[in-house]
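> Here's a structure for you.
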Amino acid sequence: MENLPRLLLIDDEDRFRETLAKRLTETGYKVSEAASGMEALDLLSTNKFDVAILDIRMPGLSGIETLAEIRAKHLSVEVIMLTGHGDVSSAVEGMRLGAFDYLMKPCEYEYLVVKIQEAYKIKKDRDERLHRAEEKALLDKLQKRWV
């Protein structure tokens with residue numbers, strides 16, 4: 001796979017997080033891990049990520065609260081929510097808050113990879129549109145100076 005996104009995997013279940021991170025790394029992704037919402041927000045403040053994979057149910061800062069913070073401060077990061085509790089209402093709330101999608105644990109690895117790539121495409125397209133808009137605004141500003 002080419003053009004692989006930088007991933008942030010956020011889950012308080014160590015075994016699940018470490019196993020998934022290992023599989024994603026073996027597939028070629030660059031993966032960072034966070035065991036809590038607060039740890040994830042700290043990593044996001046100092047590193048660039050394209051896609052976050054976020055567990056909904058975590059102690060401390062919940063997945064929903066973490067998602068709200070990500071959407072408020074890190075708009076360019078797409079978020080895929082995971083839930084292992086059949087908690088569809090929280091997943092729907094996550095979608096309302098701007099999550100790209102949600103998946104039920106356990107999910108097929110190949111399906112997760114497809115979702116990661118779809119989220120990354122959305123992020124790249126949005127970033128490209130933003131870049132073009134910024135260039136246009138700069139050109140407009142320069143043209144006004146010379147007129």
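The values are calculated or read from the model by the stated rules, or taken from the named source; none is laboratory data. What you see is a predicted model; the values in this text were computed from it and never measured. All Cβ positions, glycine included, derive from the backbone under ideal geometry; neighbour counts span all protein chains shown. Note: accessible area is taken over every heavy atom of the protein model, side chains too, but ligands, DNA and RNA are not part of it. Shrake-Rupley method; radii C 1.70, N 1.55, O 1.52, S 1.80 Å.
> Let me check I've understood the local charge: for residue 115, count other residues with C-beta under 14 angstrom from its C-beta, Lys and Arg +1, Asp and Glu -1. What total comes out? Spell out each step's value before the answer.
Details: positive: 105, 121, 123; negative: 50, 78, 101, 108, 110, 118.
Result for the local shell: -3.
> Right, next: Say each of residue 122 and residue 47 gets a label point 7 Å from the Cα, pointing the same way as Cα to Cβ; how far apart are those two points in nm?
Modelled inter-label distance: 2.2 nm.
> Lys and Arg at +1, Asp and Glu at -1: add these up for the other residues within a Cβ distance under 12 Å of residue 75 and post the number.
Summing Lys and Arg as +1 and Asp and Glu as -1 gives +1.
> Which of the three applies to the range 66-145, rounded, prolate or oblate, going by the alpha-carbon gyration tensor with a ≥ b ≥ c and a/c under 1.5 meaning rounded? Let's see the in-between values first.
Values: a/c = 4.84, a/b = 2.34, b/c = 2.07.
In terms of gyration-tensor shape, prolate.
> Could you tell me what percent of the accessible area of the chain is made up of carbon and sulfur, with a 1.4 Å probe and every protein chain present?
Answer for the chain is 53 percent, counting heavy atoms of protein chains only.
> While we're on this one: Which residues make up the longest stretch of the chain that has no GluC sites (Glu not before Pro) in a DSSP loop with at most 11 other Cβ atoms within 10 Å?
So the longest stretch without any such site is 3-107.
> While we're here: What length, rounded to one decimal in nm, is gained on full extension from residue 75 through to residue 95, with 0.36 nm per residue of separation minus their alpha-carbon distance?
Using 0.36 nm per residue and subtracting the Cα-Cα distance, I get 5.8 nm.
> From the list (i) 1.16; (ii) 1.26; (iii) 1.45, can you say which value of Cα Rg over 2.2 N^0.38 Å was derived from the structure given?
Looking at Cα Rg over 2.2 N^0.38 Å for this model, the match is (i).
> Based on the Cβ-Cβ distance of residue 22 and residue 135, what FRET efficiency does E = 1/(1 + (r/R0)^6) give at R0 = 35 Å, to the nearest 0.05?
The computed FRET efficiency comes out at 0.30.
> Under a Cβ-Cβ cut-off of 11 Å, what is the net charge of the residues other than residue 31 that fall near it, where Lys and Arg count +1 and Asp and Glu count -1?
So the surrounding residues net to +2.
> Using a Cα-Cα cut-off of under 24 Å, which lysines could be cross-linked to residue 121, ignoring same-chain neighbours fewer than 8 residues away?
Within the straight-line cut-off, residue 121 pairs with 22, 30, 48, 73, 105, 136.
> Under a 1.4 Å probe, what is the accessible area of the chain per residue, stated in Å²?
Heavy-atom accessible area per residue stands at 59 Å².
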